[in-house]
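Student: Below you'll find the structure I mean.
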Amino acid sequence: MFEITVTSPEETMVLGQQLAPGLAAQDVILLDGDLGAGKTTFTKGLAAGLGIKRNVKSPTFTIIREYQGGRLPLYHMDVYRLEDGSGDELGLDEYFNGDGVNVVEWSKFIKDELPENYLRIVFKRDDVAGESQRTLRFEPVGDRFTQLVQQLEAIQK
């Protein structure tokens, strides 16, 4: 586990950019935590780090947005609206076993659909003395993601 505090959207994006080079097809990144804490901002950084030029928007109403044109495709999912557990109808296995990087916001709503290994990042808003800070906690599941988090942590030092 690795935890870092950021004080701006730009710092959040940079973390995403720094993580992107180590990502491979079929990687699953779970973004959970407070509403408005930077999950989509982080995904914008990931997209930039993958070389994707398109503007990344929250997929709240479309559930899944696909971004091509980078080193790998990016599949950005917001499954908040699936709180009834209907994730099996989306064909998530096809995405998780496909050719791109998968970013899932609000993963608790599809926990039964998740693969064995993934990187979960928990976003927490820390509004301190009028400053808008965020704490990001990286929770790797599996050796590959443990190594990825260790690499990211080394970059931060």
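The values are calculated or read from the model by the stated rules, or taken from the named source; none is laboratory data. Everything numeric here is computed off the predicted structure, so don't read it as measured data. All accessible areas refer to the heavy atoms of the entire protein, side chains included, with ligands and DNA or RNA removed. Shrake-Rupley method; radii C 1.70, N 1.55, O 1.52, S 1.80 Å.
Student: Using Cα springs under 10 Å in a Gaussian network model of the chain, which residue among Leu35, Leu15, Leu46 shows the largest mean-square fluctuation?
Tutor: Leu35
Student: Note down the accessible area of Thr41, probe 1.4 Å, to the nearest 10 Å².
Tutor: 40 Å²
Student: Continuing with the same structure: Leaving out ligands, DNA and RNA but keeping every protein chain, what accessible area does Lys111 have, in Å² rounded to the nearest 10, with a 1.4 Å probe?
Tutor: 140 Å²
Student: Sticking with this one: Given the pairs Lys57/Lys108; Lys57/Lys157; Lys57/Lys124; Lys111/Lys157; Lys124/Lys157, which span a C-alpha to C-alpha distance of over 23 angstrom in this model?
Tutor: From Lys57/Lys108; Lys57/Lys157; Lys57/Lys124; Lys111/Lys157; Lys124/Lys157, over 23 Å: Lys57/Lys157; Lys111/Lys157.
Student: To continue, here is another question. Mean residue ellipticity at 222 nm from the helices of the chain, using -39,500 (n - 2.57) per DSSP H segment of n ≥ 4 over the full residue count, to the nearest 500 deg cm²/dmol?
Tutor: -7500 deg cm²/dmol
Student: Averaging over every viewing direction, what projected area does the convex hull of the Cα atoms of the chain cover, in nm²?
Tutor: Mean shadow area of the hull around the Cα atoms is 8.8 nm².
Student: In Å², and per residue, what accessible area does the chain have when probed at 1.4 Å with the other protein chains present?
Tutor: 51 Å²
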